[in-house]
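Read the structure below first, then the notes.
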Amino acid sequence: MTTKSPLVFSILTECGTSKARVSRMILPHGPVDLPVFMPVGTQGTLKGMLPEQLEELGLQIMLANTYHLGTKPGTEILQKAGGLHKFMNWNGCLLTDSGGFQMVSLLKLAEITEDGVRFQSLNDQKAEVMLTPEHSIEIQNAIGADIIMQLDDVVKTTNPDKERIEESVYRTTRWLDRCLKAHQNPDTQNIFPIVQGTLYEDLREKSAKDHIERDVRGFAIGGLSGGESKDDFWKMVHLSTNILPKNKPRYLMGVGFAEDLVVCCALGVDMFDCVFPTRTARFGCALTRKGQLNLKKEQFKKDFRPIDENCPCNTCKNYTRAYLSGIVTVLPVACHLLTEHNIVFQMNLMKDIRQSITKGKFPDFVRDFMLQVYPTKNYPSWIIDSLSAVNIKLK
Amino acid sequence: MTHVKWSKHINSEVCDAVFPLSCCVITISPLGKPRIGTLTLGRSLQSLNTPCFLVYTSHGAPPYTTLDNLRTINPKLTAVQLCLATLFDILITSASNYPISSFRKFFGLEGFLLFFTLSDPMLVLPEHFNTKKHIKINSVNGRTKISSRVYMKLVEELNPDVFCPLIDNIPLHCPKYKDKEAVNRTLMLLDDCILAMKDHPDLQSSALFGVIQGNSSIEGRRRSAYETSKRDVDGFLLENFGSHLKRDVFRTLLSTVVHELSAEKPRMISTFGIPELVLDAVEFGIDIFDGTYVPCRLVILFLQLLLNLRYPLLMAEDGNALTFYIPGHSVCRMTISKAKHISLWDDIFLDDVNPLCPGCSCMACTDYSRSYVHHLLSTHEMLAKVLLTLHNLQLYENFFCAIRSSIKAERFSTFKETFEKFYL
């Protein structure tokens, strides 16, 4: 009996001008329309939102963090609960990261060796813990996400040491092989490798080409979500999507600002994740196509418009900026209301992107979108350059 | 002025004429004071079955859940309590400039029955801030004086179904002379309010509940109840009852007050939400309770009250799920102890895959486990309190449903006894 592949990917429409494409990915827990933005539910919950609410909004896939869940509640509890889906009552798709990024960014005493990452645990015992590719996959197997990430040797883009970066590229590939070997559920969970190389074209190329040789069903582009200049950023994304095969999904990690999403879709990216929309909601910020609204400001106390007149979310249907401004510093519920709006904002943006590609109008969409963000047309040069590289001219 | 229609048919609930104004039908159980009734409120002609509780809100929303999430609760909760104490700033800064005339829409409260009071039942006043001439209210700019005129204007714009007049709100513990003064001043303010109603025709279809003060003074309460009863009010709010009082003391107070009140008008009581106290109050004929027990548990100790501005040991806020036994209804099959509530912070729940309260049919208990809620609390995630609040509201509503059924079946005293025995 042939088991169905845990990831079935099909391109539906390609934009004739740029590298953008609309596609569909079918995972064990359901279909996902691409390009997609995945909100981050770090600890197995999305900032106060009920999974039922998320389902109603049409959310198909979200992220959870291996490092956090591995610590609390831990693999034993997750196994006892039957996996994260059951534990948190989420019936859609899940993607987990490897835990590598958190460790390097959150923990001061992380030491990277060939074995894995050694660090001092944050729990009371302050024990030394080692996160190895095998251990990361073990936790991710227990969590049970549809897509799981390899443990990678991630180096900051601001690190100039080419030797170190070269080391990280080769090590990432070796760790990929260890992950693939340790993986217990190849029929229900998909491992995605992560292309590294920071800002060195040759190293990125090497990393991508090595990963392509492995039997994987999708690819992630890593190490590009902080510190580097936007000019370098887009070039690396463009390079990566040129090398990675078209017939498999490409996931750009840690990218979530609206304009970045639009540009990277044009560059051929299919999946994104970012804490930004949900995190900024906690600080009282609502997202609109024209920019962010900091609802704590006095000016909103008498603004009786909804956050966005065109937004279909419950928050915009029922409440005004004035009301939200009044409760944003006082009620925890304000956070839920803004989180819902921001998630719907991101989802609508992706939906508009997909629809415009399907209709063959993606370049027009991009132009209209950028005009909304930059009404005086003073577009940053990186946006002009990156779009130009895929044949979209901003007037 | 609003009219009150009453019917003394035993065991019948139907009001034989529908008034466009606020009306209330109470059926008196033949065995004594507990009564079930239907409160039909003029503004929206929605009815409320009593005894019942109101959903507590702060700034127009329940503490940890959106109004939208309330629809997971069955039967639908439609009555909410709003208080000027938490609404004042947002009313003055924003709502009063709202171009649409209804504040309800501003707060997203269309479709709900609104009960409006001055004081916030979740806040224990530390001192008496009102002076002989002015009632004071807390705002971002410090304590502001509020006059009857301003108060009535805000009430009119809010357009509640039930409202209380401006009162002299005092702390639970005051020198005796202050209790007495508060009763007098509250009566004066009530008279002002009734007079002012002429200038606010829109309030004609809102019900006015007179507030009964007096703290723990029997004579004070009696006088307050008697005098308030003489005025043209549609119902009563027994304020500041304080569950810190000894049982025999508050039973005497309840009895004293109820004796003075006309049977056909609904009675509401504030901060009296612990299940055993609810049963006592229902026995004496109280119809409406506020929902402070759901987010918070009332403090019994006198000293703790003095030290804290808000009731400590808050329920949902502190990670507690209500799990008390409702006789004849769904039994909470506690595997741990006969606890009235459990704290999900407890490590014992780390790997407990049971629902919060086995036997409960609420969304939180059907789809989630104690283990998950414990995880949410220990990672400081907001969803914990959402789930706990929704569960607690459902259980509390089930409790009131059971109370109503037992009165209807003339089995209330058995119900009450069974409950009390279970916890002895």
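Couple of notes before you dig in:
- Area accessible to solvent at B:His380, 1.4 Å probe radius, in Å²: 150
- Of the listed residues B:Val55, A:Val328, B:Val150, the order by accessible area with a 1.4 Å probe, largest first, is B:Val150, A:Val328, B:Val55.
- Here B:Ile90 sits with roughly 10 square angstrom of accessible surface, probe radius 1.4 Å.
- In order along region B:149-164, the phi-based Karplus estimate (6.51 cos²θ - 1.76 cosθ + 1.60, θ = phi - 60°) of 3J(HN,Hα) comes to 5, 5, 4, 5, 5, 5, 4, 4, 5, 6, 6, x, 7, 9, 9, 10 Hz; Gly and Pro are listed as x.
- Prolate/oblate/rounded call for the protein assembly as shown, Cα gyration tensor, a/c under 1.5 rounded: prolate
- Contact order relative to length of chain A, as percent, for alpha carbon pairs under 8 angstrom and 6 or more apart: 17
- Global form of region A:287-342, assessed from the alpha-carbon gyration tensor, a/c cut-off 1.5: rounded
- Computed over neighbours whose Cβ is under 10 Å from that of B:Arg251, the net charge equals -1, Lys and Arg +1, Asp and Glu -1.
- Most mobile of A:Leu94, A:Leu78, A:Leu34 in a GNM of chain A (Cα contacts under 10 Å): A:Leu78
- Relative contact order (%) - region A:196-270, alpha-carbon pairs under 8 angstrom, separation at least six: 34
- Solvent accessible area, Å² - A:Lys86, 1.4 Å probe, full protein context: 140
- Structure remark: mean-square fluctuation, Gaussian network model of chain A, C-alpha springs under 10 Å; the largest value among A:Val255, A:Val216, A:Val366 belongs to A:Val216.
- Phi-based couplings in Hz for region B:372-389 (Karplus 6.51, -1.76, 1.60; Gly and Pro marked x): 5, 5, 4, 4, 4, 5, 6, 9, 6, 9, 4, 4, 3, 6, 4, 5, 5, 4
- Listed by chain and number, the lysines whose alpha-carbon sits under 20 Å from that of A:Lys377, ignoring those within fewer than 8 places in the same chain, are A:Lys230, A:Lys290, A:Lys393, A:Lys395.
- Remark: mean inter-chain Cβ contacts per residue of A:324-336 equal 6, using a 10 Å Cβ-Cβ cutoff to other protein chain atoms.
- B:Ser147/B:Asp346 FRET efficiency (R0 35 Å; Cβ-Cβ; nearest 0.05): 0.10
- DSSP bridge analysis restricted to chain A gives an antiparallel fraction near 50%, rounded to the nearest 5.
- Around the amide H of B:Gly37, modelled in the peptide plane, lie the amide H atoms of B:Thr27, B:Thr50, all under 5 Å away and 5 or more residues distant in sequence or on another chain.
- Calculated mean residue ellipticity at 222 nm for the protein assembly as shown: -11000 deg cm²/dmol, from DSSP H runs with n ≥ 4 weighted as -39500 (n - 2.57), summed, divided by the residue count and rounded to 500.
- By DSSP, the beta bridges lying fully in region B:29-164 are antiparallel in about 55 percent of cases.
- Exposure ranking of A:Val373, B:Val140, A:Val237 by accessible area [1.4 Å probe, largest first]: B:Val140, A:Val373, A:Val237
- Three-way shape call for region A:60-102 based on the alpha-carbon gyration tensor, with the a/c threshold at 1.5: oblate
- Most fluctuating residue given options A:Phe276, A:Phe362, A:Phe37, as computed from a GNM of chain A linking Cα atoms under 10 Å: A:Phe276
- Beta bridges per DSSP with both ends in region A:209-319, % antiparallel, nearest 5: 45
- Within-12-Å neighbourhood charge of A:Lys393 [Cβ basis; K, R +1; D, E -1]: 0
- Efficiency of FRET from Cβ geometry, A:Glu128 and A:Ser388, R₀ 45 Å, rounded to 0.05: 0.35
- Average Cα contact separation per residue, region B:163-260, under 8 Å, 6 or more apart, as relative contact order %: 30
- Qualifying trypsin sites (Lys or Arg not before Pro) in region A:188-288, DSSP loop, other Cβ atoms within 10 Å at most 16: A:Arg214, A:Lys246
- Environment charge at B:Ser229 (Cβ cut-off 10 Å; Lys +1, Arg +1, Asp -1, Glu -1): +1
- 3J(HN,Hα) along region B:189-194: 5, 5, 4, 4, 5, 4 Hz, from the Karplus curve 6.51 cos²θ - 1.76 cosθ + 1.60 with θ = phi - 60°, whole Hz, x for Gly and Pro.
- Nonlocal amide H pairs with A:Cys93, under 5 Å, H built at 1.01 Å: A:Ile61, A:Met62
- Shown here for region B:129-190: trypsin sites (Lys or Arg not before Pro) in loop regions (DSSP other than H, G, I, E, B) with at most 15 other Cβ atoms within 10 Å, namely B:Lys132, B:Lys133.
- Residues whose placed amide H lies under 5 Å from that of B:Asp120, excluding near-sequence neighbours: B:Ala85
- Measuring between alpha carbons in the structure, the pairs from A:Lys246/A:Lys361; A:Lys47/A:Lys72; A:Lys72/A:Lys162; B:Lys105/B:Lys153 lying more than 25 angstrom apart are A:Lys72/A:Lys162.
The values are calculated or read from the model by the stated rules, or taken from the named source; none is laboratory data. Quantities reported herein were computed from a predicted structural model and do not represent experimental measurements. Backbone-built Cβ (ideal geometry, glycine too); neighbour counts: all protein chains shown. Just the protein is used for accessible areas: all its heavy atoms, side chains included, with ligands, DNA and RNA removed. Shrake-Rupley method; radii C 1.70, N 1.55, O 1.52, S 1.80 Å.
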